[in-house]
1. Through the Karplus equation 6.51 cos²θ - 1.76 cosθ + 1.60, θ set to phi - 60°, convert the phi angles of region 305-311 into ³J(HN,Hα) values in whole Hz; use x for Gly and Pro.
2. Say the dipole of region 199-305 comes from +1 at the beta carbon of Lys and Arg and -1 at that of Asp and Glu; which of GLY216, TYR277, ALA242 then lies farthest toward its positive end?
3. Compute the long axis of helix 50-62 from its Cα atoms, compare it with the longest principal axis of the Cα atoms of the chain, and write down the angle in degrees, 0 to 90, nearest 10.
4. In degrees between 0 and 90, to the nearest 10, how far off the longest principal axis of the chain does helix 186-195 point, with axes built from Cα atoms?
5. May I ask you to compute the full-extension gain from THR92 to GLU322, defined as 0.36 nm times their residue separation minus their alpha-carbon distance, rounded to one decimal in nm?
6. Using a 1.4 Å probe on the protein chains only, how many percent of the accessible area of the chain belongs to carbon and sulfur?
7. Could you report region 171-233's accessible area per residue, 1.4 Å probe, as an integer in Å²?
8. Can you work out the FRET efficiency for the pair ASN283 and ASN331, with r the C-beta to C-beta distance and R0 = 35 Å, to the nearest 0.05?
Amino acid sequence: MCPTKFFVVLLAMLPALMTPGVNWAEETGNGPSPLIKNAESCWSDDYASYAEWTSLMASRIAARNLPEKKAEKALAGFQRTFPEKTYEYFRTRIRCEHFTYSVDGIDVLGYLIRPANTQGRLPVVVYNRGGNGDFGAVTFTSMMRNLFPLADQGFIVIGSQYRGTFAKAGAADVRAARDEFGGSDIHDVRQLFDLIPDIQGADVERVGMWGHSRGGIQTFMTARTGVPARALVVAAGVADLAAGLEERPDMETVFRNRIPGYDDDKVAALQRRSVLYWAESLNREVPILLIHGSADDRVSVEQSRKLDQRLETLGFKHRLVEFEGDGHSFNKNRQAYIQAVADWFHQHLAP
């Protein structure tokens, strides 16, 4: 890197470098408690400036060995989806940190996002990502797409990557750290609730939980343990894994590789992770918003429709929002999707 470019990047990094741990209420070592370590700004390294981020994406596109015109189109698509003005807008309005926290003696990666320059205490949303292992991990790009816009509406967002994500091959605790698709990794989500009191400006009385896709499993299973979540949102969620498996038989490879004892009792393993079978054990006073795209080809909209009917029978406070013709990631209704999430939490996490 030439000296001039290095100086420009350094200037962009200064706010993060001068205010370490800006999201935490107190500093003890690298974090507010022995559970937290290695907190660092998301706005650094390859994301310290829009130029650096664009350069990173260009190198990733180049690694795909696409024909020149397709590579140019791919980069133009990235810049169209994430223009510089969007990056600069959130750069000045959002604080974001990656951190490591301890769960069951295992180091787990997490992230914390909050609006900058706000007064008073803010509601907190625990976000549960989809995917499994490294696939579906929350990246800077997915933060920019989904989480920064929610935080910008006055929410603190905290989430887990789940144990084993980005673990180094050959690590001594790689077996213990394995994502179990709704097994011990539920502890990773529960632990986040214990961290909330140490977040600067967090209102511990106003906490909600939002899960997307597989994150719906995490959301409902964690809620069943009695965490203090006052409202839930599940988007493109799986309510019955056995029914989902009939539609997507390829998921059996994931289940077999991830779920302990899967082949010993497949039915029991799937039902433990399927809210449709134990919805009555959830707190009926916690309102639930279900969101689904009618054209979702990964998780059928019927999953949310059946759960909606079940919640109605059980007397829950609930609502189902369908986006006609949209898919699993809500690309056709991105703003409306995030706004529906924000509106639900604004309504049910009000002071």
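The values are calculated or read from the model by the stated rules, or taken from the named source; none is laboratory data. Note that the structure is a prediction, hence the values are computed from the model and not measured. So basically every Cβ, Gly included, is an ideal-geometry build from the backbone, and we count neighbours across all protein chains shown. Side chains included, ligands, DNA and RNA excluded: accessible areas come from the protein's heavy atoms. Shrake-Rupley method; radii C 1.70, N 1.55, O 1.52, S 1.80 Å.
1. Couplings: 5, 5, 5, 4, 5, 5, 5 Hz.
2. So the residue furthest toward the plus end is GLY216.
3. 70 degrees
4. Once rounded, one gets 60 degrees.
5. Fully extending the segment from THR92 to GLU322 adds 79.5 nm.
6. Details: 8320 of 16450 Å².
Of all accessible area on the chain, carbon and sulfur atoms account for 51 percent.
7. 34 Å²
8. 0.60
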